[in-house]
């Protein structure tokens, strides 16, 4: 009776929002608006960002596609209101822990669990995330999925998180520190990600490759192999889902195969990957090249797993973002090509010609026998396996 009264006591400064199958109590959004009436989630006593719903939709879809109807144990380590973990408990066969170090977040997590009748499947914790991971490392409990969604960089959490995972598991990681990753803050990029950054026309993809490499190399030091299943950039964050395997030998093979360097020609926009830095010669047809690395040079995702996601979208069609299917199909085309995307507006500027419509640009490349598609990273981005030198010949 006390619990029911506790949950039903929605105060005048609160509201209930519906996301997926979950109902979530949050402070009224109208109380935390900017002068232009835009809701600012960072001003609220407990963090809930409605713009991250597509990310949480995909989390549900990834876990359902990976685990199927099998029961699995998860930890949502930086949960805020608890919406992500609550949705996993309602919309998949997951059960587990939603955690946040903030006492106000814990208060709302507790209420939201009761509101959704999940007290038998989801438990709230109030703990610093690394301490929580370290406690579970020696608990004997097998953790099948860990979600790391911090404000800023995930680097401070990755070492302790991967030690907690089972032998074959799943890891979801968000990074919102996009400025250093896209090389806007070069000193911070070097400090945090151990790479001398450089300006390119595909900086959003460069940031993702820097992030993936750093997560993989840190996990390899714990004898854990991370394989990217799906990775992408959206608005203000990066998101990567990894399949994890506890194996030192596989971790070594993974790093050995996919660790490399990027060469880039600022004057001509030519670019490419190499395995060893001492094998890099000047590949520019005009001007000098610059080099960045080490970073991830393999595919950004697994096309077979992506097809499984696409097949399963219709099972959640009633309450997930309708644009998700479109985005997944764009990723499916992109993952077939390892070469970084080209900003086609900058390409035409470099060759001194007027731009043609982007779809016409893509179709002309395809007619020459190359692969080409739009890029999710940038509305002006085109991913193609055609060398830039060939593109210059075609369009000049």
- For segment 106-131, how many residues are closer than 12 Å to residue 77 by Cβ and crowded, with 18+ Cβ neighbours inside 10 Å? 2
- Message: What's the number of the only condition in (1) assigned to a helix (DSSP H, G or I); (2) free of Cβ contacts under 8 Å to residues at least 60 places away in the same chain; (3) over 28 Å from residue 315 (Cβ atoms) that residue 89 fails to meet?
- Response: (3)
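Matching residues to (1) in contact (Cβ under 8 Å) with a residue 24 or more places away in the chain; (2) under 17 Å from the mean Cα position of the chain (by Cα); (3) surrounded by fewer than 17 Cβ atoms within 10 Å (Cβ to Cβ):
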position	(1), (2), (3)
238	yes, yes, no
244	yes, yes, no
247	yes, no, yes
263	yes, no, no
279	no, no, yes
305	yes, yes, no
316	yes, no, no
320	yes, no, no
323	yes, yes, yes
- Query: Which of the residues spanning segment 371-396 are part of a strand (DSSP E or B) and crowded, with 20+ Cβ neighbours inside 10 Å?
  - Reply: 372, 373, 381, 382, 383, 384
- Message: Quick test of your reading of the structure: residue 211 fulfils all but one of (1) at pLDDT below 90; (2) outside any loop (DSSP other than H, G, I, E, B). Name the failing condition by number.
- Response: (1)
- Message: Go through segment 268-300 and report how many residues are at negative phi and in a loop (DSSP other than H, G, I, E, B).
- Response: 17
- Among (1) touching a residue at least 12 places away in the same chain (Cβ under 8 Å); (2) over 21 Å from the mean Cα position of the chain (by Cα); (3) in a helix (DSSP H, G or I) - the single one residue 330 does not satisfy: (2)
- Message: Quick check on segment 332-357: of everything there that is in contact with a helix residue (DSSP H, G or I) (Cβ under 6 Å, 6 or more places away or on another chain) and farther than 20 Å from residue 389 by Cβ, which residue is surrounded by the most Cβ atoms within 10 Å (Cβ to Cβ)?
- Response: 335
- Query: Only one of (1) free of Cβ contacts under 8 Å to residues at least 60 places away in the same chain; (2) buried (at least 21 other Cβ atoms within 10 Å of the Cβ) is not met by residue 205, so which one is it?
  - Reply: (1)
- Residue list for segment 151-169, filter: assigned to a strand (DSSP E or B) and crowded, with 23+ Cβ neighbours inside 10 Å: 165, 169
- Message: Filter segment 1-30 down to the residues that are at pLDDT below 85, under 13 Å from residue 108 (Cβ atoms) and touching a helix residue (DSSP H, G or I) at 6+ places or on another chain (Cβ under 8 Å) and list them by number.
- Response: 6, 7
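The values are calculated or read from the model by the stated rules, or taken from the named source; none is laboratory data. Keep in mind that what you see is a predicted model, and the values were worked out from it rather than measured. Here Cβ is always computed from backbone atoms with ideal geometry, including for glycine, and neighbour counts include all displayed protein chains.
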